[in-house]
Amino acid sequence: MWVVIAGYSFCLLAAIISCIAIIRSRHAGVALWWLVCGLISGLASIVLFVSKGYAPVFFSVVLANLGLLVVFAFIHQAIASIVDRSRRYVELSTFLIVAQFVATLYFTYSLPDVRWRLIVRTWAILTQVVASILVLLRQKPSSLRDPIRALVLVLVAFSTLQLCRLPATVIWTPIADPLHPDPVQAFFSLFGCILGLGICFGVIWLGLYAHRNYLHTMANTDGLSGLLNRRAFDVALDYELRWHRDDSQPLALLLIDLDHFKAINDMHGHHTGDEVIRRVSHLLRANSRPVDSVARYGGEEFAVILKGMDLHQGKSVAERLRREIEGMVNLPESIGVTVSIGVAMKTRDDTVASLVKRSDEALYLAKRSGRNRVSTQDAHAKQPPTVIYT
């Protein structure tokens, strides 16, 4: 048993050092600090358990048992910090810690009974772990699906082990000495340690995965509008053109430009201009399908990739967006906003540059024709770009 304790302590210490190294390199946030606190609590519990016979019973029994529950309370906070900041179940964790502390005191001093101490601790840990499982199951982001599934699997296995430990503890009276347990409790303790380490490393994986997704989002999202930025838009459009090189999947591209936006900034200030950008961005996203890609293409320019739409359908969408933007109300300073839109449809030989160029030509035709209108550019047509006048 000493070998197991020493090996487990070494693993906990290595995990603590790894988490601190990750935190110092700024690859994860506050979640790993919660995990570090949990690992330190686990290491402290082991030290208190092995001090039995040397330290007072309050430390080697009461606090040692409580420390194991605190481990999972901290792990739960780490999980909640990563996936669901609004539901931490702090009240539940606090109640479980207080209840176990009181019950352990009672079954240590008033009615000494190692069996009931073990049952109380197992129930408390089981309840805390189930709360963590519920928090994970409430999450639906596909970007975290794999680490969430893996962590839930380990937590379910650990919960099942604890659930089986309860009747086993009732049937076979455990030995009071944690350093020399009976075979039944030794089995549960050994596999509990293994699954506990699996939970810790599952939380680390989840934290790093979430942070990687956060950095990816930051790199591909425009900070003001919340839409894709120019780089992400070019990547998305290039992917669509490469994936659907033939004509089996039509695609229309809209380039949208806010009319007289410089005048808005000059007359009302950049704060008003920024609010206009945000409002228009929200409208574009709300009036687009989930499969469409909406980006802030430049200062006051936006781009929309309409998958599965030909030139006629793209023109209809563009006209609807133009009317929606023109009808926006409650803008700062009671200003009115209009847009000019250029529409082009991809061809078999199009590249990002060529498709954007045709959309841009249609956009400038709309602006030269008086703004607040939609212009289309058909690569197969012999006549010049057409304009929809309003």
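We did not get these values from a lab; they are worked out from the coordinates using the rules stated. Fair warning: this is a prediction, and the values are worked out from it, not measured in the lab. When we count neighbours, we look across all protein chains shown, and the Cβ atoms used for this are built from the backbone with ideal geometry, even at glycine.
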**Message:** Looking at the chain as a GNM with Cα springs under 10 Å, which of Leu111, Leu227, Leu48 has the largest mean-square fluctuation?
**Reply:** Leu111
**Fill in**
One finds the C-alpha centres of the stretch 133-208 and the stretch 210-286 to be spaced, in Å, by 45 Å
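Of all chymotrypsin sites (Phe, Trp or Tyr not before Pro) in the stretch 54-86, which ones are in loop regions per DSSP and have a Cβ with at most 14 other Cβ atoms within 10 Å?
Numbers: sites: Tyr54, Phe58, Phe59, Phe72, Phe74; in loops: Tyr54.
Loop-located and lightly packed - Tyr54.
Once you have the Cα-Cα distance between Arg320 and Lys262, take 0.36 nm times their residue separation minus that, and quote the gain in nm to one decimal. Spell out each step's value before the answer.
Details: separation 58, 0.36 × 58 = 20.88 nm, distance 2.43 nm.
Computed gain between Arg320 and Lys262 is 18.5 nm.
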**Request:** Would you work out if the chain is rounded, prolate or oblate? Take a ≥ b ≥ c from the square roots of the eigenvalues of the alpha-carbon gyration tensor; rounded if a/c is under 1.5, else prolate when a/b is larger than b/c, oblate otherwise.
**Result:** prolate
**Request:** Please state, rounded to one decimal and in Å, the Kirkwood hydrodynamic radius that the stretch 230-388 gives when every pair of distinct Cα atoms enters the mean of 1/r.
**Result:** 15.8 Å
**Prompt:** For the chain, which DSSP H helices look membrane-span-like by this rule: Cα extent along the axis of 30 Å or more and mean Kyte-Doolittle of at least -1.0?
**Reply:** 2-24, 114-137, 145-171, 183-220
**Item:** Ranking of Ser354, Ser132, Ser225 by count of other Cβ atoms within 10 Å, fewest first
**Value:** Ser354, Ser225, Ser132
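Where in the chain lies the longest segment free of trypsin sites (Lys or Arg not before Pro) that are both loop residues by DSSP (not H, G, I, E, B) and have at most 13 other Cβ atoms within 10 Å? Before the final figure, lay out the partial values.
On the way: sites that count: Arg26, Arg85, Arg87, Arg138, Arg245, Arg348, Lys382.
Answer from the scan: 139-244.
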**Structure-based [θ]222 nm, the chain - -39500 (n - 2.57) summed over DSSP H runs of at least 4, per residue, nearest 500** = -21000 deg cm²/dmol
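How far, in nm, would the chain grow between His282 and Val47 when pulled straight, counting 0.36 nm per residue and subtracting the alpha carbon separation? Don't skip to the answer; put the middle values down first.
Values: separation 235, 0.36 × 235 = 84.60 nm, distance 5.57 nm.
Working it through step by step, the gained length comes to 79.0 nm.
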**Complete:** Partner lysines whose C-alpha sits under 20 Å from that of Lys357, ignoring same-chain residues fewer than 8 away, are Lys307, Lys315, Lys346, Lys367, Lys382
**Prompt:** Gaussian network model of the chain, Cα springs within a sub-10 Å range: biggest mean-square fluctuation belongs to which of Gly336, Gly67, Gly38?
**Reply:** Gly336
**Selected from Ile125, Ala168, Ala157, residue furthest toward positive end of dipole (the stretch 104-176; charges at beta carbon)** = Ala157
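Once fully extended, how much extra length lies between Arg242 and Val156, figured as 0.36 nm per residue of separation less the alpha-carbon to alpha-carbon distance?
Values: separation 86, 0.36 × 86 = 30.96 nm, distance 4.29 nm.
Between Arg242 and Val156, full extension yields 26.7 nm more.
What is the local net charge at Glu240, summed over the other residues whose Cβ is closer than 9 Å to its Cβ (Lys, Arg +1; Asp, Glu -1)? Can you show the working numbers first?
Values: positive: Arg242, Lys307, Lys346; negative: Asp238.
Net charge around Glu240: +2.
Please rank Ile16, Ile256, fewest neighbouring Cβ atoms within 10 Å first, as an exposure proxy.
So the ranking, lowest neighbour count to highest, is Ile16, Ile256.
What ranking of Val130, Val339, Val83 emerges when the number of other C-beta atoms within 10 Å of each C-beta is taken as an exposure proxy, fewest first?
Details: Val130 16, Val339 27, Val83 21.
By the 10 Å Cβ count, ascending, the order reads Val130, Val83, Val339.
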**Message:** What percentages make up the Cα-Cα pair-distance distribution of the stretch 2-220 when the bins are 5 Å wide from 0?
**Reply:** 1, 7, 15, 19, 20, 16, 10, 6, 3, 2, 1, 0, 0
